[in-house]
Amino acid sequence: MFTSHGWPRFGAAVVGDYLASHRDAYKYLHDQTVRLMNEGHVGAEIADRLTLPPVLARQWFNRGYYGTMSFNSRAVYQRYMGWYDANPASLAAMPPAEEAQRYVEAIGGPARVKALARAAHDKGDYGWAATLLNKAVLADPADADARERLARAYDQMGWQAESAIWRNIYLTGAAELRGAARGGPSATANADFIVNLPTPMLFDLMAVRLNPDKVGEGRAAVLFVFPERRERFLVTVRNQVLVARPAGEGAGADATVTLPRALFLQSLFAGQPLAARVASGEAKAEGDIAVLARMASWFDAPKGHFPIVTRPE
């Protein structure tokens, strides 16, 4: 038997024991999460108290080296209950930064928060220290002292983590706080990935990059024709929503653009304006050509990374 995480197993008895034990671990995770959920416990409470029975936890392949009981029990809870924990105070929670500012003020100001965090850190209570310092950093991202103290707490939590994923996230957070974190490229920067996407998925990607503030009351309808693929798609923007659907001959549009899909991809992902392609004769455009530039101005450029400790601007 071959698995995605680990090495091959040989022999019917070994394989059978692995499958049965792994099945029991996942079944226990699911059933006990639901049992506690039905008793009124919320996701965080379940995650804090749920552990595997010793007979299953002793088998190394059931340990949380990758996923964890804590993470996965929350996933079970989310599957059935969604994000809401039934507490009325959670219905309209404040944004994290605003909530942090109020907590810091209520505790007695940044100095008091850091003093409490220092005491927790000195006792080895790194989770509580991180919780306090996270509030201080969110309330004032420019507080270099709070950032370094929080990074040190994450260092300790990373070194103690059994799960490789948890360790990586703790140390990534510490690196970001110290200004050393670097995000990787966007998935859309992979040329093979892009070229092999079905065309409807490309328009789905455009739809989630549409910035409603830039669109305003704008409207547009553009027919894209990719002759080498025998594809025709009518792309409309109205009510600040982009919809793309296959179109036949005679579909009404403000403009019709005929070009190889490769040129469309270069425009979409490499920032090469379609108007330049039309001017060079590589693409053919009919109708209101200005609508192309107007529509292009409504999209956000893709970002390769974003902060995980402080909040995006």
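Residues in segment 90-102: is at least one over 21 Å from the mean Cα position of the chain (by Cα), buried (at least 18 other Cβ atoms within 10 Å of the Cβ) and not assigned by TED's automatic domain parsing to the domain that holds ARG63? Show your work before the answer.
Taking segment 90-102 and keeping what is over 21 Å from the mean Cα position of the chain (by Cα), we get 90-92, 98-102.
Going one step further and asking which of them are buried (at least 18 other Cβ atoms within 10 Å of the Cβ), we end up with 100.
Next cut, not assigned by TED's automatic domain parsing to the domain that holds ARG63 only: 100.
Yes, that holds for at least one residue.
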Residue check, PHE61 in contact with a His (Cβ under 8 Å, 6 or more places away or on another chain) and outside the structural domain of ALA164 (by TED's automatic domain parsing) | yes
How about segment 1-51: which of its residues are touching a Lys or Arg at 6+ places or on another chain (Cβ under 6 Å), hydrophobic (A, V, I, L, M, F, W, C) and crowded, with 16+ Cβ neighbours inside 10 Å?
-> ALA47
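Confirm whether VAL257 is within 20 Å of PRO212 (Cα to Cα) and either touching a Cys at 6+ places or on another chain (Cβ under 6 Å) or hydrophobic (A, V, I, L, M, F, W, C) (or both). Step through it out loud before you land on a result.
Working: within 20 Å of PRO212 (Cα to Cα): no; either touching a Cys at 6+ places or on another chain (Cβ under 6 Å) or hydrophobic (A, V, I, L, M, F, W, C) (or both): yes.
Here the answer is no, as VAL257 does not meet what is asked.
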Taking into account only those residues within segment 263-295 that are of a type in the set (A, V, I, L, M) and loosely packed, with under 15 Cβ neighbours inside 10 Å, which is nearest to LEU205 (Cα to Cα)?
-> ALA270
Among the residues of segment 1-15, count how many are modelled with pLDDT of 95 or more and among the small types (Gly, Ala, Ser).
-> 3
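Kindly indicate which of ALA106, ALA92, ALA86 is in a helix (DSSP H, G or I) and out of contact with any strand residue (DSSP E or B) (no Cβ under 9 Å at 6 or more places or on another chain). Please lay out each step first, then the result.
Numbers: ALA92 fails: in a helix (DSSP H, G or I); ALA86 fails: in a helix (DSSP H, G or I).
None of the others qualify; the one that does is ALA106.
Looking only at residues in segment 298-312 that are part of a loop (DSSP other than H, G, I, E, B) and more than 16 Å from the chain's Cα centre (by Cα), which one is surrounded by the most Cβ atoms within 10 Å (Cβ to Cβ)? Lay out the reasoning, then the answer.
Taking segment 298-312 and keeping what is part of a loop (DSSP other than H, G, I, E, B), we get 298, 300-312.
Then keep just the ones that are more than 16 Å from the chain's Cα centre (by Cα); that gives 298, 300-301.
Numbers: TRP298: 20, ASP300: 11, ALA301: 7.
Ranking the qualifying residues of segment 298-312, first place goes to TRP298.
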Return the pairs, sorted by first residue and then second, in which the second residue is in a loop (DSSP other than H, G, I, E, B), the first residue lies in segment 52-79 and is β-branched (Val, Ile, Thr), the beta carbons are less than 7 Å apart, and the residues are 6+ apart or on different chains.
-> THR68/SER163
Scope segment 230-257; condition surrounded by fewer than 18 Cβ atoms within 10 Å (Cβ to Cβ), touching a helix residue (DSSP H, G or I) at 6+ places or on another chain (Cβ under 6 Å) and either free of Cβ contacts under 8 Å to residues at least 12 places away in the same chain or under 19 Å from ALA283 (Cα atoms) (or both); matching residues = GLU231
Note on ALA153: of the conditions (1) surrounded by fewer than 23 Cβ atoms within 10 Å (Cβ to Cβ); (2) modelled with pLDDT of 95 or more, unmet is (1)
Having 3 or more residues that are within 18 Å of VAL76 (Cβ to Cβ) is the bar; report the helices (runs of 4 or more DSSP H) wholly within segment 10-59 that clear it.
-> 12-38, 43-49
Only one of (1) in contact with an Asp or Glu (Cβ under 9 Å, 6 or more places away or on another chain); (2) at negative phi; (3) not aromatic (Phe, Trp, Tyr) is not met by ARG245, so which one is it?
-> (1)
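The values are calculated or read from the model by the stated rules, or taken from the named source; none is laboratory data. Here the structure is a predicted model, which is why all the values come from computation and not from measurement. So basically every Cβ, Gly included, is an ideal-geometry build from the backbone, and we count neighbours across all protein chains shown.
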